[in-house]
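Q: I'd like to ask some things about the structure below.
Since every read-out is calculated from the coordinates, none of them should be taken as a lab result. The structure displayed is predicted, hence computed values, not measured ones. Counting neighbours? That spans all protein chains shown, and the Cβs are built from the backbone with ideal geometry, glycine included.
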Amino acid sequence: MGIVMEFRDLKRQYNVLKTDIDKAIADTLERGDFISGQAVKELEQELAEYVGVKYCISCGNGTDALTIALRAWETGAGDAVFVPDFTFFASGEAPASLGAVPVFVDVDRRTFNMMPDRLEEAIQAVQAEGIYKPKVIVTVDLFGQPADYNEIRKIADKYELKILEDGAQGFGGQIGEKKACGFGDISTTSFFPAKPLGCYGDGGAIFTNDAEMEKLIRSICVHGKGINKYDNVRLGTNSRMDTLQAAILQIKLRAFREYELQKVNEAADLYNKYLKDYVKTPVIRQGYYSSYAQYTIIVDGPGSREQIQEALKQKQIPSMTYYVKGMHEQLAFQNCIRRDLSYPNTDYLKDRVISLPMHPYLTEEEIEQVSRIIIENI
Ligand SMILES: *Cc1c(COP(=O)(O)O)cnc(C)c1O
């Protein structure tokens, strides 16, 4: 039996970056600036510069980042927030936790991202009903590919809505020369270990070009601070990135920029080469670039998804089902599901998707082996 394959191999990454990461951790321990320390300030600047926005505010995790952004816009009871139906729970949980009503929107079958036409229908349905005020569109850059910002921005302008880019999976993606986490009026990301850029625990960040928003968000992150955290001018929360995590991220961001992002794209090209004649491989739109948070294929035909996942498991190859259900099927949202909207594409995808091992340290041999097992079991 060879080396066991990992879904996202953080151990291999650590082995490559070990000297630098160990030093960054040791330096932080020496300095002892564990909260809002030097590495946090440096990292925020590096992230803002990389993304190409004016301000980056780090925080506790990607869910907090979404919630804090929505709080900065005073999102709450009476507001409708539009969210793709096929995403991780947090994209809908954040607005719902503030008392807003999430309105789920069907996604495209090939890009997995929110469909602009369905979004406009959903906005019109909410307007026609006249109970909730359309306020924010949460776009999700699912599996690493930016959402359709050209169309969604037009809709946001037409209906005077804000765009909150949930770039938890999108960091590193691009449309043309413009980078993900720069498409929203506010954008957020997560540094959960398995994300495209991950730390060694929880972490998140919020991006904006708006100076007033930056101040407000920094205040919300630290108990609604005014001149300092003992001067409290509003209700906030406690959501900060640990200095240790920031120090680790500084090393990982360098590797991400220098080669990891390119490596995951090479891995995706290899999977595409082996699998394209047998399954539906991911479609990256013209001019778009993905950071491949996930490499997700679609297998049609009754029973074949379970058969493939079982065959992979037999060979100790991990695979995942992102996602097993649409948001409209989550019990937590049952009291806000609209009967006038439908989700044929998420219903199609949830029965057919498989996410395969994906990370910058996969070898061609491994990709070939995974692909062969899929082809043999189709
Ligand atoms: C992971 C994820 C989040 C939440 O990030 P955490 O750091 O785990 O809180 C939000 N949205 C999407 C789309 C995600 O994939």
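Q: HN-Hα J couplings of region 348-358 from phi, Karplus 6.51/-1.76/1.60, θ = phi - 60°, integer Hz, Gly and Pro as x?
A: 5, 5, 4, 8, 10, 7, 9, 9, 9, x, 8
Q: Region 248-304 to region 110-146: how many Å between their Cα centroids?
A: Cα centres, region 248-304 to region 110-146: 25 Å.
Q: Treat every Asp and Glu Cβ in the chain as -1 and every Lys and Arg Cβ as +1, leave all other atoms uncharged, and give the resulting dipole magnitude about the Cα centre to the nearest 20 debye.
A: 260 debye
Q: May I pose another question? Taking springs between alpha-carbon atoms closer than 10 angstrom, which of Ala100, Ala125, Ala205 fluctuates most in the Gaussian network model of the chain?
A: Ala125
Q: Using only the Cα atoms of region 239-378, what are the Rg and Dmax in Å?
A: 18.0, 49
Q: Which percent, nearest 5, of DSSP beta bridges in region 1-156 are antiparallel?
A: 10 percent
Q: Send over the per residue convex hull volume for the chain, Cα only, as a whole number of Å³.
A: Convex hull of Cα atoms, per residue: 136 Å³.
Q: Give the Kirkwood hydrodynamic radius (Å, one decimal) of region 204-258, defined as one over the mean of 1/r across all pairs of different Cα atoms.
A: The answer is 12.7 Å.
Q: If I take all pairs of Cα atoms in region 1-141, what percentage of them are more than 22 Å from each other?
A: 59 percent
Q: Next question, about the same structure. Show me the ranking of peptides 105-114, 193-202 by mean Cβ neighbours inside 10 Å, starting with the highest.
A: Taking the mean over residues of other Cβ atoms within 10 Å, the ranking is 105-114, 193-202.
Q: Go through region 206-276 and name the chymotrypsin sites (Phe, Trp or Tyr not before Pro) that are in a DSSP coil and have 16 or fewer other Cβ atoms within 10 Å of their Cβ. Mind showing how you got there, number by number?
A: On the way: sites: Phe207, Tyr230, Phe256, Tyr259, Tyr271, Tyr274; in loops: Tyr230.
For chymotrypsin sites (Phe, Trp or Tyr not before Pro) across region 206-276 that sit outside H, G, I, E and B with at most 16 neighbouring Cβ atoms in 10 Å, the list reads Tyr230.
Q: Once phi is turned into ³J(HN,Hα) by the Karplus curve 6.51 cos²θ - 1.76 cosθ + 1.60 with θ = phi - 60°, what whole-Hz value does each residue of region 143-150 show in order, with x for glycine and proline?
A: 6, x, 9, x, 5, 7, 5, 4
Q: Another question, then. How would Cys59, Cys221 line up from fewest to most surrounding beta-carbon atoms within 10 angstrom? Before the final figure, lay out each step's value.
A: Values: Cys59 30, Cys221 24.
Going from least to most buried by this count: Cys221, Cys59.
Q: Beyond a 19 Å Cα-Cα separation, which of these cross-linked pairs lie in this structure: Lys195/Lys252; Lys41/Lys215; Lys195/Lys225; Lys11/Lys252?
A: Values: Lys195/Lys252 12 Å; Lys41/Lys215 15 Å; Lys195/Lys225 30 Å; Lys11/Lys252 13 Å.
Long pairs (Cα-Cα over 19 Å): Lys195/Lys225.
Q: Where in the chain is the longest stretch that carries no GluC sites (Glu not before Pro) classed as loop by DSSP and with at most 12 other Cβ atoms within 10 Å?
A: Free of exposed loop sites, the longest segment is 178-378.
Q: Still on this structure: Quick check on region 113-204: what does the Kirkwood estimate of hydrodynamic radius come out to from the alpha carbon pairs, in Å?
A: About 13.8 Å, per the Kirkwood formula over Cα pairs.
Q: On a straight-distance basis, which lysines could pair with Lys325 in a cross-link, Cα separation under 20 angstrom, same-chain partners fewer than 8 positions away excluded?
A: Filter leaves Lys280, Lys350.
Q: Give the residue from Ala94, Tyr274, Met320 lying farthest towards the positive end of the charge dipole for the chain; charges sit on Cβ (+1 for Lys and Arg, -1 for Asp and Glu) and the dipole is referred to the Cα centre.
A: Projecting each Cα onto the dipole axis, the largest value belongs to Ala94.
Q: Can you pull a Stokes-Einstein diffusion coefficient for region 135-187 at 37 °C (0.692 mPa s), Rh from Kirkwood over Cα pairs, as a whole number of µm²/s?
A: D = 306 µm²/s.
Q: Given region 149-293, what whole percent of its Cα pairs are spread farther than 19 Å?
A: Taking all Cα-Cα pairs of region 149-293, the fraction more than 19 Å apart is 63 percent.
Q: How far apart, in nm, are two points set 7 Å out from the Cα along the Cα-to-Cβ line at Glu6 and at Tyr230?
A: Rounded to a tenth, the inter-label distance reads 4.4 nm.
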